[in-house]
Amino acid sequence: MSTAEARPDPNPLAEGLERLPVHATALVIFGATGDLARRKLLPALYNLAHEGALPERFGLVGNARGDLSDADFRDQAIAAVREFSRREPDEQVLAKLFEHARYVPGSFDEGGVYERLGEVLSELDEVAGRPLSRCFYLSTAPGFFPVIVETLGDHGLQDREGGEVRVVIEKPFGTTLAEARELNERVLAVFDEQQVFRIDHYLGKETVQNVLAFRFANGMFEPLWNRNYIDHVQITAAEDIGIGSRAGYYDSSGALRDLVQNHMLQLLTLLCMEPPIAFSADAVRDEKVKVLRAIRAPAEEQVAEMSVRAQYAAGTVAGQDVPGYLAEEGVPGDSTTETYAALRLEVDNWRWAGVPMYLRTGKRLARKVTEIAVTLKPVPHLAFDREGSVGVRPNQLILTMQPNEGVSLTLGAKIPGTRMRIRPVNMEFLYGTAFLSQSPEAYERLIMDAMRGDATLFTRNDEVEAQWRICDPIESAWATARGQLPLYAAGSQGPAEAEELLAGDATWRAI
Ligand code: BG6
């Protein structure tokens, strides 16, 4: 009897949670001492190491402007993991992970940095006794993306014999369609599309991937998944936090660019796409891009009636008084940047024509919640009204990404008693109780996938451009519109104006 046979799986809930093998890899992080690296990337590496998911031969190289030694970088990396890891680090695993980490100081546009990088990578190959695949992670301000990619190319680091080379590019991928196109051109002049991994961290979230599992692994919902049965869809990405110390970035971005152009449109594509022929990078992305192409970009004069933007004023969040956006540190007193955006879009194709798709996002709302709510059409005839029936509402299917990850379905049920009275009840599936393991952080999944060369959960060049094509006219109409932005109190449900976007009997779900 083999060992695997002798040891039956102790818990059936753990089934399917095992990790996939990864080729021996050197990961180079540009911007390795920055906020994203400290909060997300280094802790993600730790958690992968903790689970034994990193390849046995794994090299880490950090680059940033600060003049650090290898040892200083290791200390900083260890401190970042201690501060931000989702699990208490095991000291042995932590020490081993960073034991051979290397650091190459210097600016992103200095040729010398790339020469040194090439040498360090060759040294890592020698230690490993084989050519490692290389993964360059661009965790820098977006202005540096082109220069890093081009200088990697100038130094011949864009490919190598015996291993794969990949480049991971953080968001934002441009701030307009024209910029995204130019960036794509510059990146694709050096790398092939198959080597490029554009991050949208929402795609790394378990619950976001579950939208596909839910739709395409169950026969029950697909027959209803169209304009004949679905009345409207609401996608919400509400946050209770403000902009923290990110005024510099956020004030030039705003809610539409920060969350709608990427995360929210991605959620919409997963919800609306046709079944892919396989769960492979191109098959999935071909279907997603068709959804984006089916969304008609508004003409500038239509923007006012299909969108609402607003800014938070002072208010109370979780019992704490908080300042308004204009009083946040680093925000100009006359800023007209939106911290809230809501849109009504339509996916103009055979399946979805005429179904309003409502998207809303904002900072400093009542609480953090990310969900997709699909509201079905009401029943055609209600026979219970003589009984004084109350509370019959159309069924609603809610896919909750965070918090309380799961899926729930509201059904009408009879209230116990002698009369035929009905009220909505919930049927619920919760990740927390159905599965054993804690969900990995999005970045854990994405770093692994980039190292494995699986781009299914990354955005392709045409997808990114299609997203900007929808957002560009909204941005420019907002930029030219005069007048005061609507305000909403911090900690509230958002601006009253958002109600006007909704058609028919639809109401926004409470945040
Ligand atoms: C980022 C935005 O992409 O997503 C932030 O730049 C936002 O402004 C964040 O807070 C939200 O991500 P999550 O995973 O906390 O929902």
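The values are calculated or read from the model by the stated rules, or taken from the named source; none is laboratory data. Predicted model only: the values in this text are computed from it and were never measured. Positions of Cβ are generated from backbone atoms using ideal geometry, with glycine treated the same way; all protein chains shown enter the neighbour counts. Accessible surface is based on the protein model in full, side chains and every heavy atom, while ligands, DNA and RNA are left aside. Shrake-Rupley method; radii C 1.70, N 1.55, O 1.52, S 1.80 Å.
Of the residues contained in segment 479-494, one or more are found to be open to solvent by less than 40 Å² (accessible area, probe 1.4 Å) and closer than 15 Å to Y358 by Cα. Has segment 378-395 got at least one residue that is on the phi < 0 side of the Ramachandran plot and touching a residue at least 60 places away in the same chain (Cβ under 8 Å)? Yes, segment 378-395 contains at least one residue that is on the phi < 0 side of the Ramachandran plot and touching a residue at least 60 places away in the same chain (Cβ under 8 Å). Scanning segment 373-387 for residues that are among the polar types (S, T, N, Q) and under 23 Å from the mean Cα position of the chain (by Cα) returns no hits. Can you go through T418, T400 and tell me which one is surrounded by 14 or more Cβ atoms within 10 Å (Cβ to Cβ) and outside any helix (DSSP H, G or I)? Sole residue among the options that is surrounded by 14 or more Cβ atoms within 10 Å (Cβ to Cβ) and outside any helix (DSSP H, G or I): T400.
On the stretch given as segment 407-459, residues that are out of contact with any strand residue (DSSP E or B) (no Cβ under 9 Å at 6 or more places or on another chain), of a type in the set (G, A, S) and under 30 Å from R87 (Cβ atoms) total 3. Among the residues making up segment 343-372, those that are under 23 Å from the mean Cα position of the chain (by Cα), at negative phi and charged (D, E, K, R) are R344, E346, R360, K363, R367, K368, E371.
Contact map, segment 192-206: first residue at pLDDT below 95 and open to solvent by 10 Å² or more (accessible area, probe 1.4 Å), second residue part of a helix (DSSP H, G or I) and within 16 Å of the ligand (Cβ to nearest atom), Cβ cut-off under 9 Å, separation 6 or more or different chains; pairs are K205/A442; K205/R445; E206/Y431; E206/A442; E206/R445. Scoring F279 on the criteria (1) under 30 Å from W350 (Cα atoms); (2) within 16 Å of the ligand (Cβ to nearest atom); (3) open to solvent by 10 Å² or more (accessible area, probe 1.4 Å) leaves a single failure, condition (2). Screening segment 215-273 for residues that are surrounded by fewer than 18 Cβ atoms within 10 Å (Cβ to Cβ) and part of a helix (DSSP H, G or I) and picking the one that is nearest to the ligand (Cβ to nearest atom) gives Y249. For segment 134-172, the tally of residues that are over 23 Å from L36 (Cα atoms) and not hydrophobic (A, V, I, L, M, F, W, C) stands at 11.
Evaluate the following for V291: is it in contact with a Cys (Cβ under 7 Å, 6 or more places away or on another chain) and either away from the ligand (no atom under 16 Å from the Cβ) or part of a loop (DSSP other than H, G, I, E, B) (or both)?
Against the criterion (in contact with a Cys (Cβ under 7 Å, 6 or more places away or on another chain) and either away from the ligand (no atom under 16 Å from the Cβ) or part of a loop (DSSP other than H, G, I, E, B) (or both)), V291 qualifies.
Here Q467 passes the criteria (1) over 26 Å from R293 (Cα atoms); (2) under 15 Å from the mean Cα position of the chain (by Cα) except the one numbered (1).
I'd like the full set of residues that are over 26 Å from D472 (Cα atoms) and surrounded by 19 or more Cβ atoms within 10 Å (Cβ to Cβ), limited to segment 164-179.
If the condition is that a residue be over 26 Å from D472 (Cα atoms) and surrounded by 19 or more Cβ atoms within 10 Å (Cβ to Cβ), then R166, V167 are the ones that fit.
Taking the criterion of being open to solvent by less than 20 Å² (accessible area, probe 1.4 Å) and either among the basic types (K, R) or farther than 18 Å from R57 by Cβ (or both), the residues of segment 116-133 that qualify are L117, G118. Within segment 180-191, being surrounded by fewer than 15 Cβ atoms within 10 Å (Cβ to Cβ) and either in contact with a helix residue (DSSP H, G or I) (Cβ under 7 Å, 6 or more places away or on another chain) or not in a loop (DSSP other than H, G, I, E, B) (or both) holds for E182, E185, L188. Within segment 49-93, the set of residues being buried (at least 19 other Cβ atoms within 10 Å of the Cβ), among the hydrophobic types (A, V, I, L, M, F, W, C) and not in a loop (DSSP other than H, G, I, E, B) comprises A49, F58, L60, V61, A64, F73, A77, I78, A80, V81.
Within the group S437, S408, S476, which residue is open to solvent by less than 50 Å² (accessible area, probe 1.4 Å), away from the ligand (no atom under 16 Å from the Cβ), in contact (Cβ under 8 Å) with a residue 60 or more places away in the chain and hydroxyl-bearing (S, T, Y)? Please lay out each step first, then the result.
Working: S437 fails: open to solvent by less than 50 Å² (accessible area, probe 1.4 Å); S408 fails: in contact (Cβ under 8 Å) with a residue 60 or more places away in the chain.
Exactly one of S437, S408, S476 is open to solvent by less than 50 Å² (accessible area, probe 1.4 Å), away from the ligand (no atom under 16 Å from the Cβ), in contact (Cβ under 8 Å) with a residue 60 or more places away in the chain and hydroxyl-bearing (S, T, Y), namely S476.
Say we look at segment 309-352 and pick out the residues that are of a type in the set (S, T, Y) and open to solvent by 40 Å² or more (accessible area, probe 1.4 Å); which of these is nearest to A255 (Cα to Cα)?
Residue satisfying both the conditions and the ranking: T336.
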